[in-house]
Amino acid sequence: MKKKHFNRIAAAALASAMLMSSANAVFAADDSAATGKVIFSFDFEDGDVSAFCNRGENDTTELSAADEGGIDGKYLLASGRSKEWNGPAFRLDDKLEPYTEYYISAKVKGKYYTNVTLSNQFDNADGVTKYNNLLQNISQQNYPTEDGWVTIPPTKISFTDEMKNVYVYFEGGTDDLFIDDFTITEVPSVEIEQDIPGLKDVFVNDFKVGTALTPAALSSKPTMDIVEKHFSGSITAGNEMKPDAVLDKAACQAYFEETGDDTVPQITFGAAKPLLNYCQKNNIPVRIHTLVWHSQTPDWFFKVGYADDGEWVDKETMLARMENYIKAYFEELIKLYPDIDFYACDVVNEAWNDQGAPRNPGEQGDHGSNNSAWVQVFGDNSFIEPAFTFARKYAPEGCKLYYNDFNEYMDGKLNAIVEMATDLKAKGVIDGIGMQSHLDARQSLDSSFPSVNMYNKALDKYAELGLDIQITELDATTPENPTDADFKVQADYYKGIWDSIYAHKDSISAVIVWGVTDDGSWRAKKYPLLFDADYKAKPAFHSIIEGHDVPISTNPPKTTESPVTTTTTGDTLYGDANCDGKVEIADATLILQFLTNKDEYSLTTQGMKNADVSGNGDGVTAQDALTIQQVDAGIYKASDLPINK
Ligand code: XIL
């Protein structure tokens, strides 16, 4: 806590020191008013370019302040650029806060044909330097331009505390680059809705409710506030625990060269560490996704010498690689995160096609493609059983093992999964079925696919197996450019699906929604999630909790303590919204139900009076429910009610 506070002050002090020491370097904050508080701003009028640098040893860029043709005079000139990746660069992690979103904006000028990219570079937790492009194709053709100066729109950047030497830089071509009005502003903070119940709390007695996260989300406060409130029952890494993120090609090849043994794949959890650290810190159970998959798995993993252009290895070699990979995977996880509850693992993902046959042999395809390098090496789906056997051998105790798939409700695939699972169950190596549940709400409930009925039937079949079920990647798209009517259909469809899940709750241990807000979804164009880009709960969210108790506390409701009673004012017992003579969680629940759906839930006149406990006299609000929760949590005494604030 202390340290964080210090960092914040240090960053602020540094920021203001820099601003003060070069008063000319500040240009009107109004320019960025729309994008929040200005942290740094350089117009280079004082000739000071010392905050910028080139990109190290082999970068020939020279930086200076030049003054002919600048926007208001001087600007930063990056000359002598011999390679297109050459700078200018600006370091962030020694000046700004981790886990905070910033906008970078600037004006840039080159030749009329110059095409610039705004990029980001950092060293990850393993000390490996990574690069990504923040904004490409910055040119006179693509962005507003005046006198050759191209305006770069505010572009988001954030970093975690494990990332070191974090820079933004401009690259592209080898011509001189001019930079002016380089500005960093903080993304304005947004409060998430407090007057809705936490989804995970509504179903706390039924199943875990969780989501998938990518490291970028960690820096978005509102996103993480939603995760904490609604989805902290379980986290799945969106991509970072898949084979292509975990397998370390250079280390695999080095190990092979050193030992002559090409059956011991080398791994790293460098990409997943920020997410896993978050889960560890917040005590959130983790679903492991995924060990054996045709997609997001490099072809070199299946090739002699781990070489891209090598021959396919034989089955025996691949079996040994598979065992050693799974062994290393679990051993490393347990070593790094002994305290995380890795409660579930997708051992094999998407091995059957919709007709219930193995995929085609071949180099990896995308998700949904029919090629599988596993089938290439094994000739069929006989790699599935050893995968489960090895997982059983090396997974930590309490980590349940799942077969996971999409289109899991299609007859052919469903039958193949059931047959496979029956066999694996008899052998004691599988614990459950992961139903990905990537669904499509369409123009009407009837045309949505799969129908609720079809989905429900699949649930019945999997439940009959006597294995656990987890809904592992739930999302349900709208048509593109959705109207309000489309969102209503989506809400109805979600409700149908969720009700069907709820009806099978005795067989279901977790429901994971595949992402937090629509804009962060892998199917973002079709708005498939429960929260919108403004962090607001969508109709689909409200529809799935309809008819369920809605506690707003993150603490499970207390059942053992006797309810609080207090003195009354006339007939008024403050806090007793349901007029049963007690002040307890049920009162808070009723208030929230009443506020979200007045047609279904009512308060009596006396109930309305009793409920008005916070800011007494302002009517019944969500704040009243919160205050009653706070009484239940011991923050206030019932006799303190009403609280006038
Ligand atoms: C998706 C991720 O969400 C995307 O970011 C990535 O580009 C592709 O993979 N089935 C799965 C998940 O098992 O791993 C996929 O996740 C979605 C489909």
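The values are calculated or read from the model by the stated rules, or taken from the named source; none is laboratory data. This one's a predicted model, so the numbers in the text were calculated from it and none came from an experiment. Using ideal geometry, Cβ is built from the backbone for each residue, glycine included, and neighbour counts are taken over all protein chains shown.
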Within region 344-369, track down each residue that is within 22 Å of the chain's Cα centre (by Cα), over 22 Å from Phe390 (Cβ atoms) and modelled with pLDDT of 95 or more. none
Quick one: which strands (runs of 3 or more DSSP E) lie wholly within region 147-264 and hold at least 1 residues that are more than 16 Å from the ligand (Cβ to nearest atom)? 149-157, 164-171, 177-186, 208-213
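This table checks each residue for (1) under 28 Å from Arg523 (Cα atoms); (2) within 16 Å of the ligand (Cβ to nearest atom); (3) in contact with a Phe, Trp or Tyr (Cβ under 6 Å, 6 or more places away or on another chain).
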site: Phe342; (1), (2), (3): yes, no, no
site: Val348; (1), (2), (3): yes, yes, yes
site: Gly379; (1), (2), (3): no, no, no
site: Pro386; (1), (2), (3): no, no, no
site: Asn404; (1), (2), (3): yes, yes, no
site: Tyr409; (1), (2), (3): yes, yes, yes
site: Lys413; (1), (2), (3): yes, yes, yes
site: Ile430; (1), (2), (3): no, no, yes
site: Gln436; (1), (2), (3): yes, yes, yes
Search region 417-431 for residues that are among the charged types (D, E, K, R) and pair each with any residue that is exposed (fewer than 13 other Cβ atoms within 10 Å of the Cβ) when their beta-carbon atoms are under 9 Å apart and the residues are at least 6 apart or on different chains. Lys425/Gly466
Filter region 149-165 for residues that are free of Cβ contacts under 8 Å to residues at least 60 places away in the same chain and under 25 Å from Tyr113 (Cα atoms); the one that is nearest to the chain's Cα centre (by Cα) is Thr155
Here is a check on your reading of the model: is Lys273 without any contact (Cβ under 8 Å) to a residue 40 or more places away in the chain and among the basic types (Lys, Arg)? no
Do we find that His548 is outside any helix (DSSP H, G or I), under 25 Å from Thr596 (Cα atoms) and either within 16 Å of the ligand (Cβ to nearest atom) or at pLDDT 95 or above (or both) in this structure? yes
Which of the residues belonging to region 127-146 are under 16 Å from Phe170 (Cα atoms) and not in a loop (DSSP other than H, G, I, E, B)? Lys130, Tyr131, Asn132, Asn133, Leu134, Leu135, Gln136, Asn137, Ile138
Looking only at residues that are touching a strand residue (DSSP E or B) at 6+ places or on another chain (Cβ under 7 Å) and among the hydrophobic types (A, V, I, L, M, F, W, C) in region 627-645, which one is farthest from Gln606 (Cα to Cα)? Val631
Restricting region 271-289 to residues that are within 20 Å of Ala395 (Cα to Cα) and either of a type in the set (Gly, Ala, Ser) or assigned to a loop (DSSP other than H, G, I, E, B) (or both), which is nearest to the ligand (Cβ to nearest atom)? Ala272
Val292: passes all of (1) crowded, with 18+ Cβ neighbours inside 10 Å; (2) over 26 Å from Val209 (Cβ atoms); (3) more than 16 Å from the ligand (Cβ to nearest atom) but (3)
What about Asn456, is it surrounded by fewer than 20 Cβ atoms within 10 Å (Cβ to Cβ) and either at pLDDT below 95 or over 25 Å from Leu291 (Cβ atoms) (or both)? yes
Lone qualifier among Ile334, Ile340, Ile326 - being aliphatic (A, V, I, L, M), in a loop (DSSP other than H, G, I, E, B) and either out of contact with any Asp or Glu (no Cβ under 8 Å at 6 or more places or on another chain) or surrounded by 17 or more Cβ atoms within 10 Å (Cβ to Cβ) (or both): Ile340
What are the residue pairs meeting all of these: first residue in region 343-365, first residue touching a residue at least 24 places away in the same chain (Cβ under 8 Å) and assigned to a loop (DSSP other than H, G, I, E, B), second residue acidic (Asp, Glu) and away from the ligand (no atom under 16 Å from the Cβ), Cβ atoms under 8 Å, and 6 or more apart or on different chains? Gly356/Asp411; Glu363/Asp299; Gln364/Asp299
Which one is farthest from Val108 (Cα to Cα), of the residues in region 67-92 that are surrounded by fewer than 19 Cβ atoms within 10 Å (Cβ to Cβ) and of a type outside the set (D, E, K, R)? Ser82
Pairs needed: first member in region 512-529, in contact (Cβ under 8 Å) with a residue 40 or more places away in the chain and more than 13 Å from Asn239 (Cβ to Cβ); second member anywhere, among the hydroxyl-bearing types (Ser, Thr, Tyr) and within 11 Å of the ligand (Cβ to nearest atom); C-beta distance under 8 Å; at least 6 residues apart or different chains. Ile512/Thr236; Ile512/Thr472; Tyr527/Ser521; Pro528/Ser521; Leu529/Ser521
Go through (1) touching a residue at least 60 places away in the same chain (Cβ under 8 Å); (2) charged (D, E, K, R); (3) farther than 18 Å from Ile430 by Cβ one by one and return the number of the condition Lys413 breaks. (3)
On the basis of being small (Gly, Ala, Ser), modelled with pLDDT of 95 or more and touching a Leu at 6+ places or on another chain (Cβ under 8 Å), does Gly238 make the cut? yes
Ile471 passes all but one of the listed conditions (1) within 16 Å of the ligand (Cβ to nearest atom); (2) of a type in the set (A, V, I, L, M, F, W, C); (3) more than 24 Å from Val202 (Cα to Cα); (4) in contact (Cβ under 8 Å) with a residue 40 or more places away in the chain; the exception is number (3)
For Lys335, all conditions in the list (1) modelled with pLDDT of 95 or more; (2) within 30 Å of Pro98 (Cα to Cα); (3) under 23 Å from the mean Cα position of the chain (by Cα); (4) of a type outside the set (Gly, Ala, Ser) hold save one; what is the number of the exception? (3)
